Structures are given as C-alpha cells and as structure tokens.
1. Considering only segment 247-257, I want to know if a residue exists there that is assigned to a helix (DSSP H, G or I), modelled with pLDDT of 85 or more, touching a helix residue (DSSP H, G or I) at 6+ places or on another chain (Cβ under 7 Å) and of a type in the set (Asp, Glu).
2. Would you mind finding the one in SER10, SER52, SER32 that is at pLDDT 95 or above and within 16 Å of ligand 2 (Cβ to nearest atom)?
3. Go through (1) closer than 17 Å to LEU166 by Cα; (2) within 16 Å of ligand 2 (Cβ to nearest atom); (3) outside any strand (DSSP E or B); (4) in contact with a helix residue (DSSP H, G or I) (Cβ under 8 Å, 6 or more places away or on another chain) one by one and return the number of the condition LEU110 breaks.
4. What residue, of PRO171, PRO103, PRO119, is surrounded by 13 or more Cβ atoms within 10 Å (Cβ to Cβ) and modelled with pLDDT of 95 or more?
5. Looking only at segment 183-218, count how many residues are crowded, with 20+ Cβ neighbours inside 10 Å, polar (S, T, N, Q) and in contact with a strand residue (DSSP E or B) (Cβ under 6 Å, 6 or more places away or on another chain).
6. For segment 106-116, how many residues meet the condition of being of a type in the set (A, V, I, L, M), within 24 Å of the chain's Cα centre (by Cα) and surrounded by fewer than 16 Cβ atoms within 10 Å (Cβ to Cβ)?
7. Spot the failing condition for PRO64; the list is (1) assigned to a loop (DSSP other than H, G, I, E, B); (2) within 14 Å of ASN222 (Cα to Cα), and only one is missed.
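The values are calculated or read from the model by the stated rules, or taken from the named source; none is laboratory data. Quantities reported herein were computed from a predicted structural model and do not represent experimental measurements. A quick note on method: Cβ atoms are made from the backbone with ideal geometry, for glycine too, and the neighbour counts reach across all protein chains shown.
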Amino acid sequence: MPQIELCEISKSFTVRRKKAAAQVIRALYKVSFTIEEGALIGLIGPNGAGKSTLVKVMSGILTPEGGTCVISGRVPWKQRTAHVAEIGVVFGQRSQLWWDVPPNDSYDLLKDIYAIKTPAFNKRLSELTGAMDIGGLLNTPVRQLSLGQRMRCEIVAALLHSPKILFLDEPTIGLDAVSKLALRDFLKEENKKSGVTMILTTHDMTDVEALCSRVMVIGRGNILYNGNLETLKQTYSSEKPAEVIQIYQNIDEIIANMYREMKI
Ligand SMILES: Nc1ncnc2c1ncn2[C@@H]1O[C@H](COP(=O)(O)OP(=O)(O)O)[C@@H](O)[C@H]1O
Ligand SMILES: [Mg+2]
C-alpha cells in the first residue's frame, strides 16, 4: 500500500477585492498520485502552480473541497493531531522558530508539543545538531542568524520528533552554494538512514537532479508530469539529445515547452 494516496484533490480560493466581484482561483484541480514510503520526490512548477497548496493539503493545514487524500491510513485534515505527529514541514519562506529567542528554546517547546521523552530528545537533538552543524548556533536568537543558518535550524526543528514524512517547501530558496550542497547531503543521508519519505518543492533543478528519485511537475493546479527526470528532460527539451544534458537546469524552458506541447 502506498504511504500517500491522493485521488482527484481539488482546492479553490475565493478572493474578494473591494468593489470587484468575487473571483475563484482554482489552485488544485483533480490532482491524483501515490507515493511509496521512503521515496524522495521533487515537486516542481512555476510560481502560483499550486505546489504550496498541495503541501498544505497533505500536511492537514488546508481542507480541499473535493477528492480524497489518505496518508499512512489517515485523512490529514480530519485526523490532524495523529497526522502531525508523523510529519515534519519546512516552509522556506516562513519560520516555525520563535524569532526573538534562540533555537534551543523553540526546540524545548517542540519537545513538549510532541511529548518527546528527555533521553530520546537529547539523543535526537545531538544527532541532528551534529549532522547540520548548528552546535554553535543553538543559543543565538533566531533573528541574528543568516538565512542558511536559520534554514539548518528549521530542518532540525522539523525532524526532532522523528517524522515518517518530511515536506520541504522551497528549502533551498536564497541559500548560497555551500549551504545548498550541505543541505542536500544531509537530506539524502537522512532519507537513506531513517527512511523518511521526503517531498521537496523547488525551482532549482540541480536540487532535483541531486536528490530525487521521481519528479512531479505541477502547472495551473494540474499534475503535468510524474516520472523520472531523465525522461522529462528528453521529452520536453527543445534541443537535440546530445545537448540535452546542458538544458535540464533551465526549468523555465522545460515548463514552457511542456505548456506549449500540452497546449495548457
Ligand atoms: N490563501 C490564499 N488565498 C487566495 N489565493 C491563494 C491562497 N493561497 C494560494 N492562492 C492562490 O492559489 C494559486 C496557487 O498558489 P500556491 O499553491 O502558493 O502556488 P506555488 O506554491 O506553486 O507558487 C495561486 O494562484 C495563488 O495566488
Ligand atoms: Mg509556494
């Protein structure tokens, strides 16, 4: 049985602007896929495609108006408490750490929220701080950390309770090359060692290339492609096969070609 199973999930937002009529934005439309335990999936697509909405539905933050979603036998937005105990979520553009206090204080709070026993917590924290190299940052207020340092602390926060699934929404956004590589190595290792399923949204095709066994392309609320990266590159690259290798980094081109070919 797949760990994650979505069938025709739809989600719209109604936006009301002053004086103008209410407008309905279709963020997800009949999205279906399955993900096996331990997979490392790249979710790509242009701005506004529906990636974050999809992550929010799967995390139980948003309730879709149509379709079914079952993750580890549960419906995320209905069995939220049990669901969130098994998942970790990182939003690259938002922080789950308290801004004015050091990461250690937020970690203590998470320990209580997830009811992690002290020995298990200490062991996990020392494991993660070592792997993410944040030992020296634990007592610095979050607002004084650089983006890369903060992101490392965020990832540790999301993994403290040893979730079975980790959702990462643009975790490498704004990171320098060194931080990006370190983060990738860590995620790869954590996936291999602990078998955590990872679903990662990104605009960086080198992230996908380095990490993901499978890629899903989302555009205008639809899953446009679900398969391996090699086939995607070859199918949608406008270049000759010999030059394909140079092209895959340009996600915009691949997406644009895909839209053109699919007439979306
Ligand atoms: N809370 C919201 N209210 C209204 N519209 C939203 C909201 N969240 C997302 N949207 C709209 O839904 C679409 C998909 O957004 P999103 O999932 O954030 O895309 P992505 O993460 O791929 O950039 C966009 O058109 C966006 O403007
Ligand atoms: Mg987003």
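1. Narrowing segment 247-257 to residues assigned to a helix (DSSP H, G or I): 247, 251-257.
Checking which are modelled with pLDDT of 85 or more leaves us with none.
For segment 247-257, residues assigned to a helix (DSSP H, G or I), modelled with pLDDT of 85 or more, touching a helix residue (DSSP H, G or I) at 6+ places or on another chain (Cβ under 7 Å) and of a type in the set (Asp, Glu): absent.
2. SER52
3. (2)
4. Details: PRO171 fails: modelled with pLDDT of 95 or more; PRO119 fails: surrounded by 13 or more Cβ atoms within 10 Å (Cβ to Cβ).
It is PRO103.
5. Summing the residues that are crowded, with 20+ Cβ neighbours inside 10 Å, polar (S, T, N, Q) and in contact with a strand residue (DSSP E or B) (Cβ under 6 Å, 6 or more places away or on another chain) in segment 183-218 gives 2.
6. 2
7. Condition (2) is where PRO64 drops out.
Quick grid of which residues meet (1) within 16 Å of ligand 1 (Cβ to nearest atom); (2) touching a helix residue (DSSP H, G or I) at 6+ places or on another chain (Cβ under 9 Å):
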| residue | (1), (2) |
| --- | --- |
| LEU40 | no, yes |
| GLY48 | yes, no |
| THR53 | yes, no |
| MET58 | yes, no |
| LEU62 | yes, yes |
| THR81 | no, no |
| GLY88 | no, yes |
| GLY92 | yes, yes |
| VAL101 | no, yes |
